[in-house]
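First up is the structure itself, then whatever we jot down about it.
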Amino acid sequence: MGFPLSGLGPRLGRVGFALLVAGALWISRAAQAQGPQGPASPYPLLDELHPAAQAGTEPPLTAGPDAVPIPSAVARIVADPSAPPRFSAGATLAVSRSSETNSSLTVGTPVLRGLVSIRPHVLAEIDWGFALMLDSEWSAFARSGNPWAKGWYRGERGRVHWYAGVGITAPLASVNISPDGRNQRALYDQSAAAWGLWDDWRWTPGRMALPVPAALSFAFSPRVIATAEAALAPVFGVRNGASGTDLLGQLALGARFLLVRDLWLCPRLQAVLLPSASVDQLQTAAGLRVEWTPRFGRFFLGALVNLDEPLGVFGRGTQSWGIHLGKELDL
Amino acid sequence: MTRILYLACAALALLAGCHDRDLKICDITQSDCQQDIYYADLRLRGDGYDPFAGIPPIRTISEDLFRAQLEYQAAVTSEQAPQPWWDAALLLLGLVPATGDSQQASIDNQVQNTAAFYSPATHDVAVISHPEQAADPLSQFMNMSYLAHELIHALQDREINLNLHPHSTDAYFAEKAIIEGDASLYQRLFEYEVPLPAGYSFSSRDPLAYFSAWRQDNLSDDPTVQDNFASLGPPFYAAAWLVYPLGGVWLSDSWDKGGNTDVRHAYGKAPQRSLDYLLGPNVAAPSSKNIDCEPTVLAAFKQSDGTPYGLDSFGAVYFFAYLMGWQIPADVSLSSSLLWRYDLIFVYYNPSTEKTAVTWRIELDSPLPTSVLAALTTSTGPRVVQNGTTLLISNSDDAPFLSTWDPWSACPSP
């Protein structure tokens, strides 16, 4: 059920790889057109220490990472928090592949993101995920996730940088009760699994949510940053037979280690509090990401492994994990 | 940092060593057991996990309680929409026994043969406790197996419409076959995951071979075969049980070819006729014929709007049941029913006399063998006439009316 990294290209084949390459090319071209301006900052922009602190002792950290958790947005440090770029854009692709008796299933979940800085400390953001499936019969499906609009307020005090926000999702994800219903349901469930059920309101069909996220980072040194992120979201059934109100909660703890110039290693542990109807009430996952943060953008590649039930590789779970790739850019 | 990485790897290795995902025989009334079975179903289907959907409530009920529920439902249905003409029609065709009422026969049949069921209306699972089942490991194993089957229905209920509203009995059989075949396939795969009690073993671990053998047994008239057709009840009710092996063959063949992916696509290309399930997968589906002529009958036997009281298409499987009911050998019944290309059954009822008349027109690919026709022509049974490739079966409990009734006289000869 795992996803060997070496098999990524061949298995993603025409759809996934083309999407990935095209997305990266487009974003890179746009980045070049903009020139190497200030570092990007989409999503909770958890700023690192000012680069000046490195002067003379370390390579200049002109583009360091932020503390955004692995399955969520791509992000970069803002070198000058008081003057963030006005617009940012990003894209993340999570991929998972199930290999079973006589068949396989590959799911890609690109999340596109746009962010605008309204004031120095106030930001508005919208992200929109899509679920794509390619199965071993070469049938391809694509369905919309739930777009998520949110506003952020950010602040800082010494080595601590924090973000708090509130958002709302639009219930565009849906499953038609039809002969194709199982494929559609599997598409959303596998998409959510690739993210370890993190931000599950993006993928849950027939429901809308009011997520209240927050994040903070603490810089122990220019090379080591601790991060935390959490969110609570009431989720309402609004269409396609979904009903009732549930509460989703999530918490992630992570760290960022500077390996060499512009190259960061970012481990992360996350836990998601599941709705009351779920058999198990918690989904934990571990992730590891490598980020490269040159002047012209930010790239990352990582893997997320669900640990325990219901999706985990241990115990009775469904053994799901995902590969995450991303690229982001300021405009 | 290297130390941290080592520690993380060690923690994961420890976690891996502690995990236990092997299924064990357990009591399905316990929540842990239910969760084990649910997770096994999820793993086998490979669709992921919906955190907003949980396990449906599971209750164990006695045969007596199950019977009482069925009788209550039948009484309510009968009160709301009594259809005595259908009982009479099935009796006149020899599809249900002359003794006892067909409704009671249906209830007896269900109580005897139902192990568990999922209710889309109440979203719960009922497991029927049969007194002959002792609380031994084999019974527990079987209960786990039944629960795995019913939990598949609970998962299906989120994907497809389980409240079927088909236009005919034939279409209903086809829809049931894909649903039950799907659940039966994963039930079988689930059974392979559970260690059997000591002294038991699977004759085959190939689902297709298993369902093919089941199909063969159910279509058999060999009295030495435990699950032969007659053992399933009167022909009309026995035919309904064929959804399991026929659907199972179809879905396990699909799984053999393309695993879960192929099964996921199976609903979109599922046959709409029982004939195709009877023929089996990998057989080109023959085209259907039409019937564009209505029988003639006295106005007293029609509803006020001139329509018959009952109109249905029974399909190839019920034609097979009919032939078996009239003691045609099983192999001949099967080959004859595979000639089916379309049918319509018209049921008429005279409310003033409470008499019923039924005529069943079956279009065949080629005429039935003379020997079959001869066996079907009995002094007490329905009147059977074959015109070319059209088989005309008629009967009525109104003897004077039947003696003069020629329902298809106004229709052009085939």
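The values are calculated or read from the model by the stated rules, or taken from the named source; none is laboratory data. Just so you know, these numbers come straight off a predicted model, no measurement behind them. In this analysis, Cβ positions are derived from the backbone assuming ideal geometry, glycine residues included, and neighbour counts consider all displayed protein chains.
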Query raised in the report: Looking at (1) touching a residue at least 60 places away in the same chain (Cβ under 8 Å); (2) within 14 Å of another protein chain (Cβ to nearest Cβ); (3) in contact with an Asp or Glu (Cβ under 7 Å, 6 or more places away or on another chain), which is the only condition A:W152 fails?
Result: (2)
Query - Considering residues of region B:150-180 that are touching a Lys or Arg at 6+ places or on another chain (Cβ under 9 Å) and under 18 Å from B:G248 (Cβ atoms) only, the residue nearest to the other protein chains (Cβ to nearest Cβ) - result: B:I160
Report summary line: If you go through B:D217, B:D256, the only one that is closer than 26 Å to B:I107 by Cβ, of a type in the set (D, E) and modelled with pLDDT of 95 or more is B:D217
Query raised in the report: Does B:L44 fit the bill of being assigned to a helix (DSSP H, G or I), facing another protein chain (nearest Cβ under 10 Å), surrounded by 15 or more Cβ atoms within 10 Å (Cβ to Cβ) and within 24 Å of the chain's Cα centre (by Cα)?
Result: yes
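Each row is one residue, and each column tells you yes or no for (1) over 24 Å from A:R316 (Cβ atoms); (2) of a type outside the set (S, T, Y); (3) surrounded by fewer than 17 Cβ atoms within 10 Å (Cβ to Cβ).
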{"residue": "A:G254", "(1), (2), (3)": "yes, yes, no"}
{"residue": "A:V260", "(1), (2), (3)": "yes, yes, yes"}
{"residue": "A:L265", "(1), (2), (3)": "yes, yes, no"}
{"residue": "A:A271", "(1), (2), (3)": "no, yes, no"}
{"residue": "A:Q281", "(1), (2), (3)": "no, yes, yes"}
{"residue": "A:T284", "(1), (2), (3)": "no, no, no"}
{"residue": "A:G287", "(1), (2), (3)": "no, yes, no"}
Query raised in the report: Is it fair to say B:K289 is surrounded by fewer than 20 Cβ atoms within 10 Å (Cβ to Cβ), under 23 Å from B:P166 (Cα atoms) and of a type outside the set (D, E)?
Result: yes
Query raised in the report: All but one of (1) over 21 Å from B:A171 (Cα atoms); (2) crowded, with 19+ Cβ neighbours inside 10 Å; (3) not polar (S, T, N, Q) hold for B:L344; which doesn't?
Result: (1)
Report task. With the checklist (1) out of contact with any Leu (no Cβ under 8 Å at 6 or more places or on another chain); (2) within 12 Å of chain B (Cβ to nearest Cβ) in hand, flag the one item A:V238 doesn't pass. Result -> (2)
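Any idea which residue in region A:273-291 is modelled with the highest pLDDT, counting only those that are touching a Phe, Trp or Tyr at 6+ places or on another chain (Cβ under 8 Å) and at the interface with another protein chain (Cβ under 8 Å from one of its Cβ atoms)? I'd like the intermediate steps shown before the answer.
Step one: filter region A:273-291 for residues touching a Phe, Trp or Tyr at 6+ places or on another chain (Cβ under 8 Å), giving A:275, A:277-279, A:285, A:289-291.
Adding the requirement that they be at the interface with another protein chain (Cβ under 8 Å from one of its Cβ atoms) leaves A:275, A:277-279.
Numbers: A:P275: 94, A:A277: 87, A:S278: 89, A:V279: 89.
In this case the residue turns out to be A:P275.
Looking at this structure, is A:A214 within 14 Å of chain B (Cβ to nearest Cβ) and either assigned to a helix (DSSP H, G or I) or surrounded by fewer than 24 Cβ atoms within 10 Å (Cβ to Cβ) (or both)?
Numbers: within 14 Å of chain B (Cβ to nearest Cβ): no; either assigned to a helix (DSSP H, G or I) or surrounded by fewer than 24 Cβ atoms within 10 Å (Cβ to Cβ) (or both): yes.
Considered against the rule, which asks whether it is within 14 Å of chain B (Cβ to nearest Cβ) and either assigned to a helix (DSSP H, G or I) or surrounded by fewer than 24 Cβ atoms within 10 Å (Cβ to Cβ) (or both), A:A214 comes out as no.
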Report task. For region B:356-369, indicate whether the set of residues that are at pLDDT below 95, touching a strand residue (DSSP E or B) at 6+ places or on another chain (Cβ under 8 Å) and within 30 Å of B:P82 (Cβ to Cβ) is non-empty. Result -> no
Query raised in the report: Between residues in region B:271-283 that are farther than 14 Å from B:L339 by Cα and residues that are in a loop (DSSP other than H, G, I, E, B) and of a type in the set (G, A, S), which pairs lie under 9 Å by C-beta distance while being six or more apart or on different chains?
Result: B:P271/B:A285
**Report entry** Hits in region A:292-331 (condition: within 14 Å of chain B (Cβ to nearest Cβ), modelled with pLDDT under 85 and either under 16 Å from A:D189 (Cα atoms) or under 16 Å from the mean Cα position of the chain (by Cα) (or both))
**Finding:** A:G317, A:T318, A:Q319, A:S320, A:W321, A:G322
Query raised in the report: Restricting the first residue to region B:110-121 and requiring it to be in the same structural domain as B:L147 (by TED's automatic domain parsing) and modelled with pLDDT of 85 or more, which pairs with a second residue that is buried (at least 16 other Cβ atoms within 10 Å of the Cβ) and among the acidic types (D, E) meet a Cβ separation below 6 Å and a spacing of at least six or different chains?
Result: B:A116/B:E150; B:Y118/B:E150; B:P120/B:D157
